[in-house]
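Just below is one structure, and these are the notes that go with it.
The values are calculated or read from the model by the stated rules, or taken from the named source; none is laboratory data. No experiment lies behind these values; they were computed from the predicted model shown. Because the Cβ atoms are built from the backbone with ideal geometry, glycine has one as well, and the counts that use them run over all protein chains shown.
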Amino acid sequence: MANFITRFRPLAYRLLLSRLTLWVGLCLVGAGVALSLIQAFDKLFILRETTAFFLYATALLIAGITVLAGFSRLVKHKATLADLANQVEEKHPELMDGLNAAVEVTSIPESKRSVIERLLVEEVSKSTEKIDFEKVVIPRYLDFYGTAILWLGAIALLVWAQFFDASKKFRYALGDWMRGEFTGFYLMPEALEVAREQDFTVGVIPRRWDNQLTIEFLEDGALVRYPMNPVGENRAEFQFYDVEQDFQFRVKSHALTSPWYTVLAYDPPEIDRFDLQIFPPGYSGYQPETRSRLEDLEILQGTRLAFEIYGQNLADLAVEFDEEPLTLQRDDAGVFAFGIRPEESSSLRFVMHNNTGHRAHTPAVQLKGWPDENPVVEGMRMSFHWNYLWRMILGWKRSSSIFRFPGPARNRSPCIRAMGSASRAPSK
């Protein structure tokens, strides 16, 4: 193979690689300048994360498309051996048409070349031995040092851009997009639901940027915006009163905008009918009583309490004695019924669930049992006094011994009473 051909081929690849490297370096410099301009806009107008993400993504996308378009064009129009021969002939007119013709001849198999073609190739090889093809073919702007300086400048510009606030906003937004969730705010409570006609408080902690927060939601079909109330350090709250239906809201700061959150309003489990039958011990002489609400009670030990509870929105019901739960069963009429005979004081409350799994409970009440007293025998000795003789004459009037066995009936205070009332009367 002719020596000029063996020298041209690596130069052709080097020329293509140098042009590609220069093109990428120029695109990186352009991207760095674009990112710097975005940072300047962020300083002037305080861009939101989504805006910074869009601008950064646009700049990087344009840079990437430009690189690929340049690659395609450079590869498509890469320099051939004939092009290199033409460049050498322009610098060395003495080789005019000879070098280009010799390059064309080398494409013919050596066995099929004519004598003249062989002589042409040999002559051109000898005449080009002392010519430095690299200086002729490779432009000065494509030398190693120029390209290296360009790349170092581009890398320095891009590294510096990573410390821009706009770049941080882009990375935060990119991370949220890849994770599929918004992490700019920590929202409380995590379960966005509220019982109907109850208040709902939204608490927000910003995880980055500023903490001046506003909340937006629809009110009477119009979008309204209110500032959130700062509570403590780096936290804000807003309260919705008497929620009756589902609603949406979102939170904003200067740099962040949350997605729309939906708060679900549900029908809480409720007790529609509460019946409590109180059956004192049979020997006490007290009459049964009925209560229609749950309250703190003082009861005589041995008293039986029978509960009947009904709620249209009740799916499950449990009673807790001193935080020990007991699940209740519903009868055919949909009533939860059970009875207890507390022997000592305890607390009691009911825990309810509706069909959607929401939980509620009644306030805890105290059941305080007071013990029955031991029977007491009271006696009075017969008394007889001369002062009462005239009464005896008029009609026998004696103050005879009186024996009483009071037992349970001696105490005439109520069997059931609300705690905090006056203490029961002493035995007579």
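Looking for something over 30 Å from G25 (Cβ atoms) and surrounded by fewer than 16 Cβ atoms within 10 Å (Cβ to Cβ) - is there at least one such residue anywhere in the range 156-179? The answer is yes; a qualifying residue exists.
Out of the residues in the range 195-220 that are outside any loop (DSSP other than H, G, I, E, B) and charged (D, E, K, R), state the one that is nearest to the chain's Cα centre (by Cα). Residue satisfying both the conditions and the ranking: E216.
Looking at the range 248-255, can you tell me whether even one residue there is closer than 21 Å to D199 by Cβ and free of Cβ contacts under 8 Å to residues at least 40 places away in the same chain? Looking for residues that are closer than 21 Å to D199 by Cβ and free of Cβ contacts under 8 Å to residues at least 40 places away in the same chain, one finds at least one in the range 248-255, hence yes. Of the candidates E190, E197, the single residue that is charged (D, E, K, R) and at positive phi is E197. Quick one: how many residues across the range 232-247 are within 29 Å of A166 (Cα to Cα) and in contact with a strand residue (DSSP E or B) (Cβ under 9 Å, 6 or more places away or on another chain)? Total meeting the criteria: 4.
Set side by side, the residues L99, L26, L81 differ, and just one is surrounded by 15 or more Cβ atoms within 10 Å (Cβ to Cβ), touching a residue at least 40 places away in the same chain (Cβ under 8 Å) and touching a Leu at 6+ places or on another chain (Cβ under 8 Å), which is L26. Based on what the data block shows, is T58 free of Cβ contacts under 8 Å to residues at least 24 places away in the same chain and within 16 Å of R171 (Cα to Cα)? Yes. Of all residues in the range 332-351, exactly one satisfies the criterion of being over 19 Å from I278 (Cβ atoms) and either polar (S, T, N, Q) or modelled with pLDDT of 85 or more (or both), namely V351. Every condition in (1) closer than 29 Å to V194 by Cβ; (2) in contact (Cβ under 8 Å) with a residue 60 or more places away in the chain; (3) of a type in the set (A, V, I, L, M, F, W, C) holds for L317 except the one numbered (2). Applying the set (1) among the β-branched types (V, I, T); (2) within 22 Å of F279 (Cα to Cα); (3) modelled with pLDDT under 85 to V365 leaves exactly one unmet item: (3). Applying the criterion of being small (G, A, S) and surrounded by fewer than 13 Cβ atoms within 10 Å (Cβ to Cβ) to the residues of the range 331-369, the residue that is farthest from I271 (Cα to Cα) is G339.
Determine whether A52 is touching a Gly at 6+ places or on another chain (Cβ under 7 Å) and at pLDDT 90 or above. Spelling it out, it is not the case that A52 is touching a Gly at 6+ places or on another chain (Cβ under 7 Å) and at pLDDT 90 or above.
Applying the criterion of at least 1 residues that are farther than 23 Å from A59 by Cβ and over 27 Å from the mean Cα position of the chain (by Cα) to the helices (runs of 4 or more DSSP H) found wholly in the range 113-186 leaves 115-127, 133-137, 144-161.
Could you grab me the full set of residues in the range 221-258 that are surrounded by 13 or more Cβ atoms within 10 Å (Cβ to Cβ) and assigned to a loop (DSSP other than H, G, I, E, B)? If the condition is that a residue be surrounded by 13 or more Cβ atoms within 10 Å (Cβ to Cβ) and assigned to a loop (DSSP other than H, G, I, E, B), then M228, R235, D246, S253, H254, A255, L256, S258 are the ones that fit. Every listed requirement among (1) aliphatic (A, V, I, L, M); (2) surrounded by 15 or more Cβ atoms within 10 Å (Cβ to Cβ); (3) in contact with a His (Cβ under 7 Å, 6 or more places away or on another chain) is met by L328 save one, (3). Among the numbered conditions (1) hydrophobic (A, V, I, L, M, F, W, C); (2) in contact (Cβ under 8 Å) with a residue 60 or more places away in the chain; (3) surrounded by 16 or more Cβ atoms within 10 Å (Cβ to Cβ), the only one that L264 does not meet is (3).
Take the conditions (1) surrounded by fewer than 16 Cβ atoms within 10 Å (Cβ to Cβ); (2) closer than 21 Å to P363 by Cβ; L314 misses just one of them, which is (1). Do we find a residue being under 30 Å from H254 (Cβ atoms), in a helix (DSSP H, G or I) and of a type outside the set (S, T, N, Q) anywhere in the range 9-30? Yes, there is a match, as at least one residue in the range 9-30 is under 30 Å from H254 (Cβ atoms), in a helix (DSSP H, G or I) and of a type outside the set (S, T, N, Q). When A360 is evaluated against the numbered criteria (1) outside any loop (DSSP other than H, G, I, E, B); (2) modelled with pLDDT under 85; (3) over 32 Å from the mean Cα position of the chain (by Cα), which criterion, by number, is the only one it fails? Result: A360 fails condition (3) only.
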